[in-house]
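Chemist: The structure is given below, and queries will be raised subsequently.
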Amino acid sequence: MSSKVIPYYNILWAEQIQQNHSTQAVIVKIAYANQTGKLTLSPETITVKFVANNELTSPIFSQPQPISDLEPTLGRTSADSMNDLLPKDVPQVGGSAAGTAEDGSIVATILNRAYANTKRNKHFLVLINPKGGPGKGEQIYNTICAPFLKLAHCETTVIVTTHRYHALEIARDTADIKKYDAVICCSGDGTPHEFVNGLAKRKGDAREALAKLALCQLPCGSGNSVANSINGNSSPTMASLGMVKGVPIPMDLMLITQDDGQYLSFLSQTFGIIADADLGTEHLRWMGGTRFVYGVLKYTLQGKEYPCDIYIKYSHETAPEIKNHYIQSLQQHHENIGTVSTATLSSKINYDQPPAPSSSSTSGSASSPEEVDLLTPRFGTINDPVPSDWVKIPETESLSIMYCGKMPWVSSDCMMFPATLPTDGTMDIFITNTSQMSRPQAIRMLAGMETGTHIDHDFIQYSKAVAYRLIPRRGSPEGNLSFDGEQFPYHAFQVELLPALGCLLTNNGMWTLTGFDRR
Ligand SMILES: Nc1ncnc2c1ncn2[C@@H]1O[C@H](COP(=O)(O)OP(=O)(O)OP(=O)(O)O)[C@@H](O)[C@H]1O
């Protein structure tokens with residue numbers, strides 16, 4: 001008999017389906033995510049027989065009992081291997097025959113361990129963008145994600161977005177939005193961008209809603225930064241299990257001011273080649289993620305330049321400073337996750353003291369962060385003078401890429417920001433001028449983006465900042481500018497970090513680590 005081990009993490013649900021009082025045996029149906037490939041899981045069920053002497057009897061897998069049409073044929077499982085599934089202290093069968101989660105029964109024990117550090121029966125708001133990426137959002141949700149959520153007894157409210165800004169309107173206008181544990185964006189990165197900005201526009205409870213509604217993504221777009229950064233891949237089944245077992249953690253956000261507008265950004269701001277590669281290749285959506293790589297290569301080899309002026313309020317400028325900050329932030333994150341519940345984690349995160357406001361728009365304010373307006377910038381807006389302690393970057397008249405981000409992976413094959421962490425109080429800024437590199441150098445740098453080693457090249461600047469400003473030079477040809485992958489006017493803008501304002505649904509209280517501390 002072949003053996004099968006089911007990690008508790010993969011268990012979606014357990015339910016007692018039969019009890020024999022004379023033998024004190026119970027039969028439990030277990031729904032779980034079966035690992036069927038390196039990055040694929042299949043929602044399946046097995047039935048297992050337990051007896052009162054704390055031992056698992058021969059499981060009755062020869063007669064699998066699928067509970068939905070989606071269940072594939074079950075594998076055979078040995079009793080021995082199931083000890084990895086079973087707790088050593090299996091309680092006596094008895095008590096409530098219902099086998100509910102709280103009654104001390106085997107079912108309760110399994111469920112408690114399967115959901116040891118997260119909430120079960122999560123209530124999800126599901127937003128499906130039917131036009132995102134290759135346009136398969138509905139299909140991917142219905143055939144791949146929904147079965148996991150159903151087996152895990154999660155509650156769902158599903159909305160298919162019908163127009164641009166629909167996700168923003170839902171986040172802004174849904175009165176009881178805080179009843180949801182998380183929002184599943186079945187989309188690319190544009191929908192989470194809209195959703196976060198909608199929450200920020202709520203009257204009265206914006207801060208609370210941003211802290212409560214955990215973002216997650218069913219990867220249906222071309223970039224899928226959220227899913228890639230959380231799971232380290234863009235597998236929809238891995239993402240689906242991650243939602244069921246997700247642990248919410250706080251995440252830093254970024255506040256952008258441009259013209260007279262203010263926006264939140266959870267992911268990135270992109271100026272130059274990367275923005276052109278993303279937004280200038282919309283007609284190539286059919287290529288999926290490859291269109292981005294194609295675009296970057298094309299514009300890099302063309303040596304396109306984007307004259308501008310950039311001012312940065314650095315937090316960590318040199319490579320050793322960045323590495324030290326990463327290691328310290330990671331340790332602090334693990335300490336916080338280990339000692340407090342995720343609900344109170346946000347308030348326990350200890351950031352570098354934010355600098356004092358420097359502009360007229362915030363001067364005189366002695367309010368605590370809770371009291372000031374959610375979107376009141378600490379450093380003023382793009383319409384204020386550049387603060388005197390910000391550093392002007394030299395030689396940006398021939399800049400080719402400015403990319404600022406807060407998530408490590410911007411697509412499955414691009415670890416753009418290897419040194420970023422969810423709540424490290426900084427944003428990572430990548431600046432380079434590819435037109436001054438030889439073609440082989442440029443291609444080596446681009447190839448390094450897959451593993452995050454592109455930041456090690458001499459001709460790039462990778463730093464950490466708490467704020468910056470970018471001003472395109474007057475009279476220069478216009479390119480694209482994107483915030484979180486969404487197109488914005490090619491105008492000057494300013495960005496500052498907002499510590500731990502948002503919430504992210506992660507697998508184990510952290511997104512996939514890049515290994516930056518071990519480099
Ligand atoms: N029904 C709809 N029709 C047209 N546009 C929509 C619709 N629903 C949402 N949108 C818009 O589609 C845009 C893209 O959303 P999405 O989240 O899928 O990211 P994406 O930019 O397509 O991702 P990627 O670039 O990674 O493919 C958003 O601006 C959103 O407002």
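Chemist: If you take the residues in the range 126-142 that are more than 22 Å from Leu168 (Cβ to Cβ) and open to solvent by 80 Å² or more (accessible area, probe 1.4 Å), which one is nearest to the ligand (Cβ to nearest atom)?
Modeler: Ranking the qualifying residues of the range 126-142, first place goes to Lys136.
Chemist: For Gln441, are the conditions met, namely being open to solvent by 30 Å² or more (accessible area, probe 1.4 Å) and part of a strand (DSSP E or B)?
Modeler: no
Chemist: Residues being within 19 Å of Lys245 (Cα to Cα), of a type in the set (A, V, I, L, M) and part of a strand (DSSP E or B): count how many of those fall in the range 1-48.
Modeler: Matching residues across the range 1-48 total 7.
Chemist: Can you find even one residue in the range 335-352 that is more than 28 Å from Ser187 (Cβ to Cβ), among the hydrophobic types (A, V, I, L, M, F, W, C), open to solvent by less than 50 Å² (accessible area, probe 1.4 Å) and modelled with pLDDT of 95 or more?
Modeler: No - not one qualifying residue is present in the range 335-352.
Chemist: If Phe195 satisfies all but one of (1) closer than 17 Å to Ser412 by Cα; (2) within 11 Å of the ligand (Cβ to nearest atom), what's the number of the condition it fails?
Modeler: Failing condition for Phe195: (1).
Chemist: Within the range 167-181, can one find any residue that is among the charged types (D, E, K, R), touching a residue at least 40 places away in the same chain (Cβ under 8 Å) and near the ligand (Cβ under 9 Å from one of its atoms)?
Modeler: No, the range 167-181 contains no residue that is among the charged types (D, E, K, R), touching a residue at least 40 places away in the same chain (Cβ under 8 Å) and near the ligand (Cβ under 9 Å from one of its atoms).
Chemist: Right, here's the next one. Restricting attention to strands (runs of 3 or more DSSP E) lying wholly within the range 455-519, give those where 1 or more residues are within 30 Å of Tyr180 (Cβ to Cβ).
Modeler: 481-483, 486-488, 493-506
Chemist: Here's something else I'd like to know. List the number of the failed condition for Ser68; all other conditions in (1) modelled with pLDDT of 50 or more; (2) open to solvent by less than 70 Å² (accessible area, probe 1.4 Å); (3) within 34 Å of the chain's Cα centre (by Cα) hold.
Modeler: (1)
Chemist: Could you check the range 148-166 and list, in sequence order, the residues that are crowded, with 21+ Cβ neighbours inside 10 Å and within 16 Å of the ligand (Cβ to nearest atom)?
Modeler: Thr161
Chemist: Please tell me if Ala239 is within 16 Å of the ligand (Cβ to nearest atom), free of Cβ contacts under 8 Å to residues at least 24 places away in the same chain and closer than 22 Å to His123 by Cβ.
Modeler: no
Chemist: Of the residues that sit in the range 487-511 and are under 23 Å from Ser412 (Cα atoms) and open to solvent by 40 Å² or more (accessible area, probe 1.4 Å), which one is farthest from the chain's Cα centre (by Cα)?
Modeler: Here the residue is Gln487.
The values are calculated or read from the model by the stated rules, or taken from the named source; none is laboratory data. Just so it is clear, the model here is predicted, and its values are computed rather than measured. Neighbour counts run over all protein chains shown; Cβ positions are idealised from the backbone, glycine included. Remember, those area values only see protein heavy atoms, side chains included, never the ligands or the DNA or RNA. Shrake-Rupley method; radii C 1.70, N 1.55, O 1.52, S 1.80 Å.
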